[in-house]
Amino acid sequence: MFTGIVEGTGVVTDVAESEDGRRMRVAADVDDLEVGQSVAINGACLTVESHGHYDGDPPSVGDLDPDDLAGTAWFEVFLAEETVDRTYFDRLGPGDRVNVERALRADDRLDGHFVQGHVDGTAEVVDVREVGEDWVFEFSLPDDLRGYVVEKGSIAVDGISLTVADLDESEDAFTIAIIPETYRVTTLSDKAPGDPVHLEADVVAKYVESLVDR
């Protein structure tokens, strides 16, 4: 379980393909991970398989200066076929930034909303515009998620707990206002129209639907 309060961003440093999925290594400022722990990468709950630090000669990754990786913690996760099919992780490669959040502890504050790390689907950035010091993002809304999204309700976008500012059902889209701090500490600052995002609807809406169906 997560809260959608992203702790920071990491960078993909290596991706290895296999018949069963992909193995991905992420460098991030997290030093207390253990094998078997859960971590959310762009909102998808994944399991830490191994971890360590870049000591000695760090690898060359995209446009990143190898010296920037010196001493940085890294961890590896495995993306099963089901995970790859439900996400856009097949489009990520070395040098791409990702949002990172460790699992919620029992004594933590719940500053966002309950996020399971179970990606419901992918969408696209439709529009990005700066309004004063804030940013306004418009995202497409897949048909199968439309019933779970309400104005002023919660939704996780790439693992970020956000509030729906406006819902345009006729255009199958929703709008979110982003404050400067969220823009700064997440990958939203990298996003442009056409870029993919992961969506996870509020689990409360899913339980309500299940009860009504029964």
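Any read-out appearing in this document is the output of simple, stated calculations on the displayed coordinates, not a laboratory observation. Owing to the predicted nature of the structure, the values given are computational and were not obtained by experimental measurement. All Cβ positions, even for glycine, are placed from backbone atoms using ideal geometry, and neighbour counts span all protein chains on display.
Things worth noting here:
- Burial ordering of Phe89, Phe139, fewest other beta-carbon atoms within 10 Å first: Phe139, Phe89
- Cut-off under 5 Å, modelled amide H: who pairs with Ala173 long-range: Leu141, Asp168
- Check: the range 8-102 dipole with +1 on Lys, Arg Cβ and -1 on Asp, Glu Cβ, in debye: 280
- Acute angle (nearest 10 degrees) that the helix 203-213 long axis makes with the longest principal axis of the chain, alpha-carbon atoms: 50
- Inter-part distance where the range 83-152 and the range 153-180 are each reduced to a Cα centre, Å: 9
- Computed as a quarter of the hull surface, the mean projected area of the alpha carbon convex hull for the range 121-213 stands at 5.9 nm².
- Within the range 63-137, the trypsin sites (Lys or Arg not before Pro) that combine a DSSP coil assignment with at most 16 other C-beta atoms in a 10 angstrom radius are Arg105, Arg109.
- Ordering Ala80, Tyr54, Ala16 by Cα displacement along the dipole of the range 8-102 toward the positive end leaves Ala80 in first place; charges were set at the Cβ atoms of Lys, Arg (+1) and Asp, Glu (-1).
- Each other residue within a Cβ distance under 11 Å of Thr83 adds +1 if Lys or Arg and -1 if Asp or Glu, for a net charge of -3.
- Inverse mean reciprocal Cα-Cα distance (Kirkwood Rh) of the chain, Å: 17.9
- Taking 0.36 nm per residue of sequence separation and removing the Cα-Cα distance, the Met1/Glu82 pair yields an extension gain of 27.2 nm.
- Treating each Cα of the range 8-102 as an identical point scatterer and summing with the Debye formula, the log10 of I(q)/I(0) at q = 0.10, 0.13, 0.20 Å⁻¹ comes to -0.23, -0.39, -0.95.
- Relative contact order computed over the range 8-102 (Cα-Cα under 8 Å; 6+ residues apart), in percent: 41
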